[in-house]
Amino acid sequence: MNSSPKSQKSKGLEQACVQYKKKWISEVYRQKISRNDKLPLMDLHAVFTGHFGKSASLEVSSAGRVNLIGEHTDYNDGLVLPTPIRQRCTMLLSPRADQMVRVFGVQKNQLLEYQLGQERAGLDWLDYIQAVTEVLRQDGHALTGFEVAFSSDVPQGSGLSSSAALLVTTVKALRAAFTLPLTDTEVAHIAQRAENGLVGARVGLLDQMACSLGQDGQALFIDFRSFETRSVPLPSNLELVILHSSLTHSLAANDQGSRNYKTRRAECEQACEMLGVSSLRDLLPQDLPRVASLPAPYASRAKHVISENARVLKAVTALEQGDLATLGALFYASHASMRDDYDVSEPEIDLIVDLARETTGIHGARLTGGGFGGSVVMLADKGAGRKAGEQIAAAYQERTGIVPRLLSPQE
Ligand code: GAF
């Protein structure tokens, strides 16, 4: 059909207005985000409408997690104890009739797209969305295309599960949009398969379970052998301090010699082979003398996992009793084990833990997450956390010249 010159002109004007509006929205939000990394929900709705010309049909969000204790145990059939953090990933979504997927990532200020069924790795942050649709399609779930805008204030590479929060949010948003019959545990498994698959990081299941099942004010005890889960309320005398060292890490990283996540996993598998067990979970603290006869580094890697499982059990009891002194001692012991036996800490992270020891109101501190950078979680007396965290952050900055980020408690 031919359009008249007049209607062509008004169409051109309309397109110019849409382009101008998008540019304006991008600029306004880029400035907001560069200031504090977070976007109010109302603004995310405006971004969605600005980009896609309609309102979103649903909204889903998942918090990041801090692991209190139980590190590098998940892929060894072991025990963990995460809890949600305030920072979260929020996603707005609207289905389309065709197979096109269009995604606007607020923090990247970027709109990327692909066709369902043509997922391929290498498209930066879009890989997380592609990885999820690939797994859902493999499982036979019927999807159509969709439009998405998402925003996350879980800092990347901070050891606080920014990837899992995005993956879990994506699975849950698609579950809601296409009425997929999935439990929260199944959501976590799909998110892990997505991360192991197209994203290419061979991570365990801790982060996805924590992001999918975590409840505010509760720690989530998970036994990765029996798949038992149990909520453990955080005692009212406790406040968590989370300080991001600003050293970022990548779980997919393969290029730091032997100091990476993938190598640690392989070392555990080799230790099992040498010990003739199917998993390090088969061993208890009384087996440590036998484990000590392994060559380096296998003896110390296995020692960390075995001793860490025992610490998680003790931590659950201490948490239930509101016993911050015992819990704090377990935090310091866990950190020493990650530093000396598992070799996943960094001097800057050790400095934060040492500063915590000298700070009034702090009972314990440890590196949280996969390591090689990231955050330190500390136990503080209720009401003392902010001041203590600020003191530690200031001393860290003075000694290293690196500007850390105090993520919790909030002002
Ligand atoms: C990362 C991984 F993704 C988890 O699976 C877990 O192994 C953790 O490191 C270490 O406890 O967060």
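Taken together, the values in this text are just the output of simple stated rules run on the coordinates, not laboratory data. As the structure is a computational prediction, the values presented were derived from the model and not from experiment. Positions of Cβ are backbone-derived with ideal geometry, glycine not excepted, and every protein chain shown enters the neighbour counts.
Below are the figures for this structure:
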item: Positive minus negative residues near VAL305 (Lys, Arg vs Asp, Glu; Cβ under 12 Å); result: -3
item: Linear extension gain, GLN115 paired with GLN218, 0.36 nm per residue minus alpha-carbon span; result: 33.1 nm
item: Spacing of the two label points (7 Å from each Cα toward its C-beta) at ASP139 and LEU238, in nm; result: 3.1 nm
item: Angle in degrees between helix 126-138 and the longest Cα principal axis of the chain, rounded to the nearest 10; result: 90 degrees
item: Three-way shape label, segment 317-401, alpha-carbon gyration tensor, a/c 1.5; result: oblate
item: Taking N as its residue count, the alpha carbon Rg of the chain over 2.2 N^0.38 Å; result: 1.06
item: Along each principal axis, Cα extent of segment 49-137, largest first, Å; result: 45, 28, 22
item: Cβ-based exposure ranking for THR169, THR185, THR179, in which fewest neighbours within 10 Å come first; result: THR179, THR185, THR169
item: Cross-link pairs beyond the 30 Å C-alpha cut-off, checked among LYS314/LYS387; LYS172/LYS387; LYS314/LYS382; result: LYS172/LYS387
item: Ranked packing of 151-159, 371-379, most packed first, by mean Cβ within 10 Å; result: 371-379, 151-159
item: Spin-label pair ALA394/VAL277, simplified geometry with 7 Å Cα→Cβ offset, distance in nm; result: 4.7 nm
item: Two-decimal ratio, segment 159-227, of alpha-carbon radius of gyration to 2.2 N^0.38 Å; result: 1.08
item: Chymotrypsin sites (Phe, Trp or Tyr not before Pro) restricted to segment 297-343 and DSSP loop, no more than 16 other C-beta within 10 Å; result: none
item: For PRO409, net neighbour charge (Lys/Arg +1, Asp/Glu -1) across residues whose Cβ lies under 9 Å away; result: 0
item: Principal-axis tilt of helix 41-52 within the chain, Cα atoms, nearest 10 degrees; result: 50 degrees
item: 222 nm mean residue ellipticity, helices alone, for the chain (DSSP H n ≥ 4; -39,500 (n - 2.57); rounded to 500); result: -14000 deg cm²/dmol
